[in-house]
Amino acid sequence: MDKHVERAMELRGGICPNCAETIYLTYAKELGLSEEVARSLGTNFGGGMKSGMTCGAITSGVAILGALGITDPRSVGLFIRTMKENHGGLTDCMDLLRRNAQMGGQKKPHCDRMIADSIALIEQIRAAAGK
């Protein structure tokens, strides 16, 4: 398991921040951010911008790519398309959670998977970009 995914799952097992906060906190030290600033940056993206819209694991993934210097449309588009393809064509938090519930899933394990998938994809794109 990637060290970033491991760190994210440690965070989710302890203080259990929302999905976006988790991803920001995972990369905070590497990006020179305090945990307070990282949490603040992610807090309003959790729960699909607190309104069920685009999943915080996706929005924070796009932001982390930018913070890592990966800003080309091809890479960002690949990230979004892959997340969408890997999750039944859905990107909105409300839709993802609804489908998960219909399949008998619980919220936290679902969100943990979204976080792990986002971080794994960040790292794949990062490696391909040589960052």
**OP:** Any chance you could count how many residues in the stretch 94-131 are more than 23 Å from Leu11 (Cβ to Cβ) and in a helix (DSSP H, G or I)?
**Re:** 8
Subject >> Subset tally (residues that are aliphatic (A, V, I, L, M) and free of Cβ contacts under 8 Å to residues at least 40 places away in the same chain) for the stretch 98-127 >> reply: 3
Subject >> In the stretch 27-73, the residues that are among the hydroxyl-bearing types (Ser, Thr, Tyr), surrounded by 13 or more Cβ atoms within 10 Å (Cβ to Cβ) and over 24 Å from Glu85 (Cα atoms) >> reply: Tyr27, Ser40, Thr43
**OP:** Give the stretch 49-93 a look and list any residue that's among the small types (Gly, Ala, Ser), in a helix (DSSP H, G or I) and closer than 21 Å to Arg126 by Cβ, or say none.
**Re:** Gly56, Ala57, Ser60, Gly61, Ala63, Gly66, Ala67, Ser75, Gly77
**OP:** Go through the stretch 1-48 residue by residue and tally those that are in a helix (DSSP H, G or I) and out of contact with any helix residue (DSSP H, G or I) (no Cβ under 7 Å at 6 or more places or on another chain).
**Re:** 9
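A short reminder: the numbers here are calculations on the coordinates, not readings from a lab. Worth saying up front: this structure is predicted, and the values here are computed from it rather than measured. Cβ coordinates were reconstructed from backbone atoms using ideal geometry, including for glycine residues, and neighbour counts include every protein chain displayed.
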